[in-house]
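Novice: Below: one structure in structure tokens.
What follows is calculated from the coordinates using simple rules that are stated; it is not laboratory data. Remember, predicted model here, so these are calculated numbers, not experimental data. Using ideal geometry, Cβ is built from the backbone for each residue, glycine included, and neighbour counts are taken over all protein chains shown.
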Amino acid sequence: MVYAGTVAVLLHKVRIDPRLPTQRDVMWFLVLACMGAPLLVAAVQVVQNNLVGLLSWQDLPGDVFGFWSGSATGIGVLAPALLVASRRWPRLWPGRPPLELPTVPRSRLAWAELAV
Amino acid sequence: MLLAGTVYLAFMPLARGSLDLASLVYLPLLWKAVRGGLARTIGAVLLTNVLAVALVGRAAGLDPLRLQLGLMTMTLVGLALGAFADQRRADIQAARHAAVHAPLTGLANRVLLMDRMVAAVHRHDRDPLALPAVLYCDLDGFKGVNDGLGHDAGDEVLLDGVDVGQVPDIADWTVNSLRQPYRTAGREVVLSASIGVAVLEPDISRVERDAAHTAEALLRAGDAARHRLELHAALRRALANGQITLVYQPIYALGYGWPVAVEAFARGRTVDRGFSRRSCRPARAENGGLASRGGAHSGTSTTRASSLRSVR
């Protein structure tokens, strides 16, 4: 639920490009998907485990940091790799423009280079 | 290899519970980010995490929280560095492109043109047989499109003209291609092109002056072939449908009391697009390149006008 909500916020509120082409996209992804959502999930998990007696309340901060760092590292290592790799298959992102920079086709350059 | 070696140096002491050299891993990560951008940084981050976990294993006396926080920090910082390097590279490339190209058409602007002209002159210095020349193309009547149909339609026509100009062919082909009618803003627009040709003088200090000569040659070519856009399409259609008739208006000299000249008008009967209620002199049709087609229509009348003109 938390991760799905984070994805919805990133795509529909922040409106990042999931292929992470710009610095803005990556930073929002890192802040919300890699840091914010895992922290919330880790807190809920640790509190839940404390409530059922699996963890002690005295170790709450350390446990939360442990859960959080593990989840954040996993997401930070795998999710960007998959998202960037998906650039090779444009059919995965219908309706999104190609990622190439606005360069001039060689034919137009040839027209401009007639003088040379 | 550099990354693997650094990770080995950074994380092997962890088996003894030390994190003193862990920050070494940022060096190859920074190198990867600057050189390869986000994609290569992601690979480096993935490899670093795998190697670190494999090296550390279940080392005794190691605080796992410190290791996890260190790897997480390294991962996030590495991704941010890669994104920063990618964005900076893209900004520089976009700025370079925008500096030497027109934003609408993507064609080279005057800065790039002058740079290529200087390069052409240098090439001519090395090889005297490589005499450079410039074809300077201007769309006749384009101002009429902008004023009459709006700048959006003008931009559309301009982009179509650029597509025609993509083929690096000779000037005649370009002119004939541009004469094909365009459909824009619900109307038919006929353009033509004037092309001035100038041969560069092999003197770098005179490149700017050569550009002025080229523009001057363009203007001369344009004056000879410039078309009146607002009537061109309508005149072609009216001529094809026989909707133009010639009428004459005698000009009397008050002092003599008889006609001294006759003014001829081409009048459209049912022509649309602003032409129906107006008449125009044949000179306009001639200016629009329609004189040859109108000539068959008005040949005898012209003769009569000449004879009347000779009455005086």
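Novice: For residue B:263, which sequence-distant residues (separation of 5 or more, or a different chain) have an amide H within less than 5 Å of its own amide H, given hydrogens modelled in the peptide plane?
Specialist: B:249, B:251
Novice: Can you give the average number of partner chain beta-carbon atoms within 10 Å of each beta-carbon in peptide B:65-72, as a whole number?
Specialist: Neighbouring Cβ atoms belonging to other protein chains average 6 per residue here.
Novice: Another one. Spin-label point model (7 Å from Cα, Cβ direction): what's the residue B:63 to residue B:35 distance in nm?
Specialist: Spacing of the two 7 Å Cα→Cβ label points: 3.4 nm.
Novice: If you don't mind, another one. Can you figure out the FRET efficiency of residue B:147 with residue B:237, using R₀ = 30 Å and their beta-carbon distance, to the nearest 0.05? Intermediate values should be presented prior to the final figure.
Specialist: On the way: r = 21 Å, r/R0 = 0.71.
Plugging the Cβ-Cβ distance into 1/(1 + (r/R0)^6) gives 0.90.
Novice: Per-residue mean of other chain beta-carbon atoms within 10 angstrom of the beta-carbon, peptide A:22-29?
Specialist: Details: counts 6, 11, 2, 3, 8, 5, 0, 2.
Partner-chain Cβ atoms within 10 Å, mean over residues of A:22-29: 5.
Novice: Across the stretch A:3-17, in residue order, what do the Karplus-derived ³J(HN,Hα) couplings come to in whole Hz, using 6.51 cos²θ - 1.76 cosθ + 1.60 with θ = phi - 60° and x for Gly and Pro?
Specialist: Listing the rounded values in order: 5, 5, x, 5, 5, 4, 5, 4, 7, 9, 9, 6, 6, 7, 8 Hz.
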